[in-house]
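Here is the structure we will look at.
What follows is calculated from the coordinates using simple rules that are stated; it is not laboratory data. This structure is a prediction, so every number in the text was calculated from the model and none was measured. No Cβ is skipped: glycine too gets one built from the backbone with ideal geometry, and neighbour counts run over all protein chains shown.
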Amino acid sequence: MLVRVNKIHPALKHAGYSATTLLPGEDSAAFEELHRALIAEFTPVGALEEDIIADMARLTWRKQNLATFRVAELARKRYAEIALEKVPPIYLDPYQAEKRQKEEREGRRAAMEQARQEFGDIHELIDVGEPATIKGLKKELDIKERLDGMIYKCLKQLLAVRGVKSLSPASSSGSTPQISGPRKVG
């Protein structure tokens, strides 16, 4: 598979790569097996429970495969070294701009080809960018934590309303309760 250096990786265009899901070079069959095992263990019922199990699968997978981030970091560093060798230095002659752009494209293409040869399939980690970094993982987990917090708040509100409804005989009959004033004792 050829990947153009100056284009966004196809999976990124479609949000295919996520720091908490599969990254290039990781085994999708092993991830699916983990997800199925968690489904079998917890037997989720309904969309929310299924989402929780899916999150558990992604987070467990990421915990088990943290080394992918180290491999990605090493691949990016090696690619940077290769690019320094292959991409010509910048010169500021405005009349040479077109020639410079062509040389730069050719240098980057040669650098990526060498990276493909050295890394095999994991060369795609170079293109993925931030999702294949610890910083990207932290950012994604922070966002997920905020979303989970908002979902939890909505769930608490829903359960509170259901609890109140279950205690109130007026809510089940559909009538509005009458409020009486204070009684005279005497």
Exceeding 19 Å between C-alpha atoms, which entries from my cross-link table qualify? They are Lys86/Lys135; Lys77/Lys144; Lys63/Lys139. Lys86/Lys135; Lys77/Lys144
For the range 110-124, just list the computed ³J(HN,Hα) in residue order, Karplus coefficients 6.51, -1.76 and 1.60, θ = phi - 60°, integers in Hz, with x standing in for Gly and Pro. 5, 5, 5, 5, 5, 4, 4, 5, 6, 9, x, 5, 6, 4, 5
Can you sort Tyr17, Tyr95 by how many other beta carbons sit within 10 Å, fewest first? Tyr95, Tyr17
Sites Leu147 and Tyr95, calculated FRET efficiency, Cβ-Cβ separation with R0 45 Å, nearest 0.05: 0.30
What length, rounded to one decimal in nm, is gained on full extension from Val161 through to Ala40, with 0.36 nm per residue of separation minus their alpha-carbon distance? 40.4 nm
